[in-house]
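The values are calculated or read from the model by the stated rules, or taken from the named source; none is laboratory data. Being a predicted model, the structure only gives us computed values, none of them experimental. In case anyone asks, the SASA skips ligands and DNA or RNA and just uses the protein heavy atoms, side chains included. Shrake-Rupley method; radii C 1.70, N 1.55, O 1.52, S 1.80 Å.
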Amino acid sequence: DETASKKKRKSGAPLELSQALIDVVGVPTATRFQVVKLLWEYIKKNDLQDPKNKKFILCDDALFKVFNKKKVDGFQ
């Protein structure tokens, strides 16, 4: 049932990640919550928050491959 599948995915079932995302977070599968947590760990470790406005993330080469932008809103 497609509806049950969507509900299960929203409830925290692990998802297969793209290679670009695997290169950043270091794991091939993770829940949405885990991906967000790992992304923030990567951002903080590599000091990628915009010093003028911490709401924005300045993408390095690895994050650029994930978002296809040089700067992203951290709340998107």
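Tabulated data for the structure shown
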quantity	calculated
Extended-chain gain in nm, criterion 0.36 nm per residue less alpha-carbon gap, SER18 and LYS54	10.3 nm
Accessible solvent surface per residue of the chain, calculated while the other protein chains remain in place, 1.4 angstrom probe, Å²	79 Å²
Structure-based [θ]222 nm, the chain - -39500 (n - 2.57) summed over DSSP H runs of at least 4, per residue, nearest 500	-14000 deg cm²/dmol
Calculated over the chain: convex hull of Cα atoms, volume per residue (Å³)	95 Å³
Residues with amide H under 5 Å from that of GLN49, placed H, sequence gap 5 or more	LEU58
Vicinal HN-Hα couplings computed from phi for the range 22-28 (Karplus, 6.51 cos²θ - 1.76 cosθ + 1.60; Hz; Gly/Pro x)	4, 4, 8, 8, x, 9, x
